[in-house]
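These notes concern the structure reproduced below.
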Amino acid sequence: MSNFFLDLIDQEIEKRAATRAAQMIAEYREKSEKPEVSEDVARDGTVIKPFLVGGVKYVTRKEAAALLGIQMPALWRWTKEGRIANRKLGRLVYYRYDDVKNMLEGEA
């Protein structure tokens, strides 16, 4: 093959590699951007920041109790009575943020 064709092939390879690299960078940025989760303030002044798992906001047991203005034993009792549902993520127990907020709005 002549040098002319080899140069054309090299240019095409470089162009395709640059295009693919730009696509990969865009995909990485899209995946790594975390959606902003708004903060909430509990009745006792504690700042609560829910975290996202699969597009659903969750809070810890302690944060749920603080938002509801109750103690941990009361939260446990409400969970056992079925007034609020908890979710296990791995070995830890969490509450859906929306469930906690709905309880607050229901009491008001």
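Worth pointing out:
- The residue that is nearest to S38 (Cα to Cα), counting only those in segment 65-108 that are surrounded by 14 or more Cβ atoms within 10 Å (Cβ to Cβ) and without any contact (Cβ under 8 Å) to a residue 24 or more places away in the chain, is D99.
- Qualifying residue in segment 6-17 (condition: of a type outside the set (D, E) and loosely packed, with under 10 Cβ neighbours inside 10 Å): no
- Condition met for A18 (among the small types (G, A, S) and without any contact (Cβ under 8 Å) to a residue 12 or more places away in the chain): yes
Rule-based calculations on the coordinates, nothing more; no lab input. Since this is a predicted model, take the numbers as computed values, not measurements. Backbone-built Cβ (ideal geometry, glycine too); neighbour counts: all protein chains shown.
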